Amino acid sequence: MLKSQEIREKAPEIDSLRLGAGWKIEDLAKPQIIIESSFGHSHPGSAHLDTLVNETFKTVNENGGRGAKFFVTDICDGESQGHDGMNFSLPSRDIMAGMIEIHVEATPFDAGVFITSCDKAVPAHLMAIARLDMPAIMLPGGIMNPGPNMLTLEQIGTYDAQYKRGEITKEQYDYYKHNACPSCGACSFMGTASTMQVMAETLGIALPGTALIPVTQKELKIAAKNAGIQALKLVELGIKPSDIMTKDAFENAIMVHAAIAGSSNALLHIPAIAHELGIEIEPELFDEIHKKIPYILNIRPSGFYPGSYFWNAGGVPAIMEEIKEFLHLDVLTVTGKTLGENLEDIKKSGYYEEHEKLISGLGVKKEDVIKSKENPIQKHGSIAILKGNLAPEGAVVKHSAISKKLMKVVLKARVFDCEEKAIEAVLTKNIKPGEAVFVRYEGPKGSGMPEMFYTTEAIASDAELVESIALITDGRFSGATRGPAIGHVSPEASEGGPIALVEEGDLIKIDIPERSLDIIGVAGTKKTEKEITEILKIRKENWIKPAPRYTKGILGLYTKCAASPMKGGYMQ
């Protein structure tokens with residue numbers, strides 16, 4: 001018996017209430033499909049999702065099921081930048097997942113279609129799908145096209161810094177701001193939103209070829225219809241997320257993450273999603289996989305082209321074909337077939353021929369956007385996990401965006417206990433070449449783990465500093481981040497991690513090839529390893545744990561309950 005029908009027998013008021021909400025008597029016995037989305041007028045990634053919800057709803061109802069629309073609107077990381085609103089960004093992921101859980105567990109459904117696009121909403125939906133473990137399919141909400149001259153939103157941070165330094169006029173600055181987002185959809189670069197849409201497809205919980213469809217393409221509405229049909233099939237097949245999102249599927253996702261130079265925020269989201277299924281993803285797994293998978297996607301911010309070019313060039317299936325020899329092809333997917341079977345079906349369907357036409361229509365060749373594994377952008381993936389006396393549990397760096405001069409370097413510490421003071425120092429030229437800018441007490445337990453986007457853009461847009469300094473933080477970075485940024489330093493400062501003990505003038509050694517991050521000197525003078533150990537011991541004894549920044553509301557709850565950044569920053 002379907003779960004919805006079992007609950008109807010236990011709760012006689014359900015029939016009355018649903019009839020009162022517009023259901024018909026004959027609907028009550030049909031498979032009941034929740035259509036959960038992040039639709040809302042909050043930002044371009046969610047403002048169009050109602051059209052996809054309606055397509056799915058109509059399709060479910062026309063094919064023997066009864067759909068029900070539920071909404072948990074997300075917030076926009078872009079609109080939260082530069083003020084305390086960013087502190088709510090990562091916590092919103094866990095709160096959204098909790099609300100979706102409440103929707104499903106409080107009301108009986110047999111399967112779900114989950115429709116979402118952006119930074120925290122996609123991982124929130126994936127966490128909820130994993131936690132609920134009922135038949136489910138995700139529909140990624142697509143991506144926007146670029147503005148004039150391939151203008152995309154992640155460039156605005158650079159133009160902001162240039163305007164504040166007097167390098168461009170207000171008219172130029174306003175033009176860029178007014179034209180960077182020409183439509184709905186996820187922002188057109190491989191930031192966190194795009195990365196997590198790709199991860200959903202790679203995990204096998206979204207239909208093949210559905211990640212990052214440009215919102216202007218008819219294929220997005222077709223995908224919405226197909227998701228509704230497949231949800232009903234999943235009810236018949238009894239396939240659950242735990243059958244699909246296995247350890248091998250997560251390894252596949254990390255391999256694709258390496259190939260696309262995905263956002264460093266995936267190192268928060270992938271472990272958090274896996275945790276819901278009882279699977280532990282250690283940070284070392286990212287490092288191990290990124291060492292063997294070539295980086296082949298020429299998409300911003302690490303590459304040249306806007307994000308919408310990715311799907312036109314073949315999307316996730318094309319990436320998977322290039323790295324096929326590494327993938328676990330026997331994993332089950334939401335189609336009811338294995339990944340290997342899906343890839344064979346795509347080849348026979350004319351998909352690649354159609355996408356050759358699409359990308360050539362943009363005046364670009366497929367190989368300009370998606371390189372071959374024989375001719376990669378970089379032989380290895382873009383992420384490295386650093387450890388050492390500064391980060392005993394690890395830190396994350398996207399080294400594909402870092403100057404070769406900074407791959408192995410010793411820098412002098414400049415220490416800030418909040419981002420606002422750090423960005424002011426960068427913009428006013430109070431940071432000099434050869435310095436390591438520390439921004440601390442910005443981890444999950446400190447302030448909710450906000451992004452440091454404007455600080456990284458201020459550095460990346462400064463030709464001198466981008467080649468000569470590093471930013472090191474227990475906070476995190478935007479998926480749009482470029483330049484020398486090391487984040488997720490763990491344990492975080494609020495927990496008394498070594499980053500809390502760094503003092504002005506300490507010597508910091510960064511060695512990305514050797515995967516190390518260490519304090520090696522004090523007041524500009526090198527010390528022995530034994531001396532550093534003793535100095536840090538004394539500093540720790542004198543360290544005073546700061547009072548919690550937040551004691552009530554969502555941030556009070558999240559900062560109290562959050563796990564380590566290297567475990568995913570989920571609420572425990």
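The values are calculated or read from the model by the stated rules, or taken from the named source; none is laboratory data. Fair warning: this is a prediction, and the values are worked out from it, not measured in the lab. Counting neighbours? That spans all protein chains shown, and the Cβs are built from the backbone with ideal geometry, glycine included. Heavy atoms of the whole protein, side chains included, go into the accessibility calculation; ligands, DNA and RNA do not. Shrake-Rupley method; radii C 1.70, N 1.55, O 1.52, S 1.80 Å.
Observations on the structure shown:
- Solvent-accessible area per residue for the chain (1.4 angstrom probe, square angstrom): 38
- The Rg/Rh ratio of region 285-381, with Rg taken over Cα atoms and Rh as the Kirkwood radius over Cα pairs, comes to 0.98.
- Gain upon complete extension [ASN149, LYS379; 0.36 nm per residue less C-alpha separation]: 79.8 nm
- Of all lysines in the structure, the ones whose alpha carbon falls short of 17 Å from that of LYS177, not counting any fewer than 8 places away in one chain, are LYS164.
- Inter-label distance for LYS24 and GLU504, nm, one decimal - labels placed 7 Å from Cα along Cα-to-Cβ: 7.5
- Accessible carbon and sulfur surface of region 232-350 relative to its total accessible area, %, 1.4 Å: 47
- Protein accessible area in region 80-180, 1.4 Å probe - carbon and sulfur %: 52
- Inter-centroid distance (Cα atoms) of region 496-572 relative to region 427-455, Å: 13
- Taken over region 25-87, the convex hull of the Cα atoms encloses 83 Å³ per residue.
- Structure-based [θ]222 nm, the chain - -39500 (n - 2.57) summed over DSSP H runs of at least 4, per residue, nearest 500: -12000 deg cm²/dmol
- Value of relative contact order over region 82-200, rounded to a whole percent, pairs C-alpha under 8 Å and six or more apart: 30
- Only aspartates and glutamates eight or more places from LYS366 in sequence, or on another chain, were considered; those with a Cα closer than 14 Å are GLU321, GLU322, GLU353, GLU354, GLU356.
- Which of VAL364, SER349, PRO392, positive extreme of dipole for region 332-404 (C-beta unit charges): PRO392
- Using alpha-carbon coordinates, inclination of helix 529-542 to the longest axis of the chain, degrees: 70
- Under 16 Å from the Cα of LYS404 - lysines, other chains or at least 8 residues apart: LYS379, LYS509
- Rounded percent of accessible protein surface that carbon and sulfur make up, region 1-72, 1.4 Å probe: 55
- Cα-Cα separations in region 190-250 greater than 15 Å, expressed as whole percent: 57
- Note on LYS30: accessible area approximately 50 square angstrom, rounded to 10, probe 1.4 Å, nucleic acids and ligands left out.
- Nearest-20 debye value, the chain charge dipole, Cβ charges on Lys, Arg, Asp, Glu: 560
- With each label modelled as a point 7 angstrom along the Cα→C-beta vector, the ASP133-GLU284 pair spans 2.7 nm.
- Under the Karplus curve 6.51 cos²θ - 1.76 cosθ + 1.60, θ = phi - 60°, whole-Hz ³J(HN,Hα) for region 140-150, x wherever Gly or Pro sits: x, x, x, 9, 7, 7, x, x, x, 6, 6
- Subset of LYS120/LYS221; LYS240/LYS337; LYS421/LYS540; LYS292/LYS373; LYS30/LYS58 violating a 19 Å alpha-carbon distance limit: LYS120/LYS221; LYS421/LYS540
- R0 of 22 Å, Cβ-Cβ distance LYS552-HIS41: FRET efficiency to nearest 0.05: 0.20
- Euclidean distance of C-alpha centroids, region 206-261 and region 75-91, integer Å: 28
- Label separation (GLU467 vs GLU353): 5.0 nm, computed from points 7 Å beyond Cα along the C-beta direction.
- For the chain, the residue among ALA68, LEU327, HIS257 whose Cα projects farthest onto the positive side of the dipole built from Cβ charges is HIS257.
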